[in-house]
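Heads up: the structure comes next, in structure tokens.
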Amino acid sequence: MLRATILLAVGFTVLIGLPAMAQAPTELMLTRIDCGTGATPVDVGQRFSDTFAYKDLTLTFTYSCYLIKHGNDYMVWDTGFAPGANANAPKVGIVDRLKEVNVAPDQVKYVGISHFHADHTGQLTPFTNATLLIGKGDWEQITSPTPMQGANAPGFKSWIDEKRKVEPLTGDKDVFGDGSVIVLRTLGHTPGHSSLLVRLKEMGPVLLTGDAVHFRENYESNGVPAFNFDRAATVASIERMKGIVGNVKATVIIQHDMRDIGKLPAFPAAAK
């Protein structure tokens, strides 16, 4: 009897330690959502380099939003323009796109915002149950009596008026606590700019740049737009991203660069 009791106790002790090792990894998926396309090509040499680079380089920008599924939880990264907001805005809004993949706005647990510009914050209102993840420097400008130029304070009106959940970030944020989705502090474009690292099982890590860079040539040459908030911080953030990409072998997806759209499956399919 004593021997049986001891064996039972030992077996119970072993089982206690198993779940952390034996649990299957949480399902993780990443879906790109079209949130606008440039109505006309942009001469990027005029504003997107403070060293007068990219002469005669003309690009059409895209405006991307992303849905991350982590087990039963959902996160949206950037919300693009609202339909009808301007000539660059999408014809179909993010709520309708989410409906196509059977996700309702109130199911979204987190809304991560790379930065406070209108082309990334135009469709925040519907996510009533979400916690807003935004760099502290950007949030301070949004809530300031005199927000800095370019801060889309009206886009956050419902968040402020209704006192919705906000987490102003002062560093990196491990969103789900398992290292699979990390908001990265990449200051420079704005005072609280962030990027997002998503570690997919099949595709491998994916780095969504926000506006830390606007197109491939920016990334390759450490290009800094003349309108960025902090030049030194921008260059440091690009160097940090390159270090992360090299160390974890991540795929870089520059959110405004149409040449990077094909790196992810076409909506409604998801990368895994």
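FYI, it's all coordinate maths here, none of it is from the lab. The shown structure was predicted, so the numbers you read here are calculated from the model rather than taken from an experiment. So basically every Cβ, Gly included, is an ideal-geometry build from the backbone, and we count neighbours across all protein chains shown.
Overview of results
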item: For the chain, size of Cβ-based charge dipole, Lys and Arg +1, Asp and Glu -1, in debye; result: 600 debye
item: Mean separation of Cα contacts under 8 Å (6+ apart) over length of the chain, as relative contact order %; result: 18 percent
item: Given charges at Cβ of Lys, Arg, Asp, Glu: the stretch 120-272 dipole, positive-most of ASN152, PHE267, PHE127; result: PHE267
item: Sequence of PHE81, PHE52 once ranked by neighbouring C-beta atoms within 10 Å, starting from the fewest; result: PHE52, PHE81
item: Gyration tensor (alpha-carbon) shape descriptor, the stretch 199-245, a/c threshold 1.5; result: prolate
item: Nearest 10 degrees, 0 to 90: helix 231-248 Cα axis against the chain principal axis; result: 40 degrees
item: Nearest-ten-degree value, helix 2-16 long axis tilted from longest Cα axis of the chain; result: 10 degrees
item: Sum of -39500 (n - 2.57) over DSSP H runs of 4+, divided by residues of the chain (222 nm, nearest 500); result: -6500 deg cm²/dmol
item: For the stretch 25-263: rounded, prolate or oblate by the Cα gyration tensor [a/c cutoff 1.5]; result: rounded
item: Rounded if a/c under 1.5, otherwise prolate or oblate - the stretch 144-236, Cα gyration tensor axes; result: oblate
